[in-house]
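Below you'll find the structure, written out as structure tokens, and then a few comments.
The values are calculated or read from the model by the stated rules, or taken from the named source; none is laboratory data. In this text the structure is predicted, and so the values were computed from the model without any measurement. Cβ coordinates were reconstructed from backbone atoms using ideal geometry, including for glycine residues, and neighbour counts include every protein chain displayed. Ligands, DNA and RNA are excluded from the accessible area calculation, which covers all protein heavy atoms including side chains. Shrake-Rupley method; radii C 1.70, N 1.55, O 1.52, S 1.80 Å.
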Amino acid sequence: MQGVRFNFTIYLMLIYQSFKNMDKAISANNPIWAAFMVGTMTLSLLSVNVTASIEDKPKRSNLKLLNYFLLTFVISSLFFIVTMPEHILLSLLCGTVIAVVISGLLMYENHYRYRDN
């Protein structure tokens, strides 16, 4: 319950800041925006419940998981390259972080799938 209140407080603060100056409210330099993003990712990770919903599906192969990683890396890196073209290495780093998180979730859920022998 406290997590909901905390997120609601962050929402209100971001809404207030966006009325004052939208560019500063949604900025990488704004600690409230960073807290919002961390909170959103944390809630997403904690809400993953895969044991019952996919236990009857076959495991994905390592090659398929690698293809998902590469596809996520390319798409997210291109997105960041388009949004901040002056920072290519930072764009690639951001793409790598997103691909690692998504691939980690896919490997975690793959652990609960049954073996296809």
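The set of residues from region 58-117 being open to solvent by less than 60 Å² (accessible area, probe 1.4 Å), touching a Ser or Thr at 6+ places or on another chain (Cβ under 8 Å) and over 22 Å from M37 (Cβ atoms) comprises just one member, L65.
So, G39, is that one at pLDDT below 85, open to solvent by less than 100 Å² (accessible area, probe 1.4 Å) and not in a loop (DSSP other than H, G, I, E, B) or not? Yes.
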